[in-house]
């Protein structure tokens, strides 16, 4: 039976005869070509740059035009870039699509299995934005990691304050704000009088001066003051790195072309809430205006989408969404729609796929922020919450946001909420028509209720 199954697999038509497969590792990779291309169809190469160029030379000598490889950690990036620069078509495939190797798993069998699946056309390349977008994405992700590391030092400061029984971080909403940093600097300078420290607060602080002074009565032990000093210095150091990253991001965004539909001035927002620059938005430039120039449409005008979310969309997807067939395909790629699995006429699974997508996470956060919004999307979120719960409502609203983003980027039309209201009116009109027909079939007549 095994031989019979093997003969059937050999009968599959070869769609890509000039295909190769590469199994990527940290220090060594294995490449496989078809047996008629080289006497030694499987070879191993170290991952040094010189050896990667030798790999590209060998593939070109074998007449290879397309290569399939798995996205293993970040080890695939140098291989991908070198092969792509040499004119080879590189397929970056999902490891879950090729994990079922029908023999004992080794590096050699993995690369051969990739080569076979690619040659018969059973692999699909993962989405990868252009190189200029990937460069911006690298710096933006690095900036996000800097923000996370700065947040860790904020927690270290809070721990040091707790150990000294100073409750200032529980009285002030932000210990790293203007008032908080003034008080911390004064404490590190040697000031211990709580009343004097409380007078350093800004006039907009909601807590009274007496409450702030009461929270600054504690046990100022030198070891905890030392930890506070170190954590504050580390926090400010990361803030300097974040500012330097903002300057680099501004330079890279300036290299992107201006969209044809972009006007000279950024249009006014139609959101109910006024636009306020968020805490973690770049301070070196106006991110919202720069995104409008690049996209040609203001994504931040959509409820739930901030400038940070729009920048994430630019870094992860780019400005061109034509790689996706339609909005449904785009939402499916983000993992924001149900995936139904049926076997033997029985539904096995209907939940959304577990996809690690920064865009999907950003849209989920934006959807979650709509629970009090007074607009169509806010009402949609609350309606789904009443029916299915908050988790399902977050996914459903994020799915709707994804479809809106796809429509705006593909058509370059401004966001118009009246479209949803017209759809709601059409839905109510059709429901009323069905109700009247059903009542007439039963011999009844529908009479509208009197207004008021």
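Taking residue 308 as the residue in question, decide whether it is out of contact with any helix residue (DSSP H, G or I) (no Cβ under 7 Å at 6 or more places or on another chain), closer than 22 Å to residue 139 by Cβ, crowded, with 19+ Cβ neighbours inside 10 Å and not assigned by TED's automatic domain parsing to the domain that holds residue 247.
Yes: the conditions hold for residue 308.
Tell me whether the range 153-172 contains one or more residues that are modelled with pLDDT under 90 and either in contact with a strand residue (DSSP E or B) (Cβ under 6 Å, 6 or more places away or on another chain) or not in a helix (DSSP H, G or I) (or both).
no
Residues 85, 109: which one is crowded, with 17+ Cβ neighbours inside 10 Å, without any contact (Cβ under 8 Å) to a residue 12 or more places away in the chain and not assigned by TED's automatic domain parsing to the domain that holds residue 295?
The unique qualifying residue is 109.
Considering 389, 378, 366, 345, which residue is at positive phi and either surrounded by 18 or more Cβ atoms within 10 Å (Cβ to Cβ) or at pLDDT 90 or above (or both)?
389
Does at least one position in the range 206-226 carry a residue that is modelled with pLDDT under 90 and within 36 Å of the chain's Cα centre (by Cα)?
yes
Does residue 251 qualify as being assigned to a loop (DSSP other than H, G, I, E, B) and out of contact with any strand residue (DSSP E or B) (no Cβ under 9 Å at 6 or more places or on another chain)?
no
Matching residues to (1) under 18 Å from residue 233 (Cβ atoms); (2) in the same structural domain as residue 245 (by TED's automatic domain parsing); (3) in contact (Cβ under 8 Å) with a residue 60 or more places away in the chain:
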| position | (1), (2), (3) |
| --- | --- |
| 155 | yes, yes, no |
| 160 | yes, yes, yes |
| 166 | no, yes, no |
| 183 | yes, yes, no |
| 203 | no, yes, no |
| 218 | no, yes, no |
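So for the range 276-286 (the condition being closer than 20 Å to residue 405 by Cα and modelled with pLDDT under 95), does at least one residue qualify?
Checked the range 276-286: no residue is closer than 20 Å to residue 405 by Cα and modelled with pLDDT under 95.
Within the range 194-205, take every residue that is in a loop (DSSP other than H, G, I, E, B) and under 42 Å from the mean Cα position of the chain (by Cα) and give me the one that is surrounded by the most Cβ atoms within 10 Å (Cβ to Cβ).
Residue satisfying both the conditions and the ranking: 201.
If we only count helices (runs of 4 or more DSSP H) wholly inside the range 363-445, which ones have 1 or more residues that are touching a residue at least 24 places away in the same chain (Cβ under 8 Å) and in the same structural domain as residue 293 (by TED's automatic domain parsing)?
376-388, 390-411
Which members of the range 37-75 meet the condition of being more than 18 Å from residue 108 (Cβ to Cβ) and either buried (at least 17 other Cβ atoms within 10 Å of the Cβ) or at pLDDT below 90 (or both)?
52, 56, 66, 71, 73, 74 - these are the residues of the range 37-75 that are more than 18 Å from residue 108 (Cβ to Cβ) and either buried (at least 17 other Cβ atoms within 10 Å of the Cβ) or at pLDDT below 90 (or both).
The values are calculated or read from the model by the stated rules, or taken from the named source; none is laboratory data. Being a predicted model, the structure only gives us computed values, none of them experimental. Positions of Cβ are backbone-derived with ideal geometry, glycine not excepted, and every protein chain shown enters the neighbour counts.
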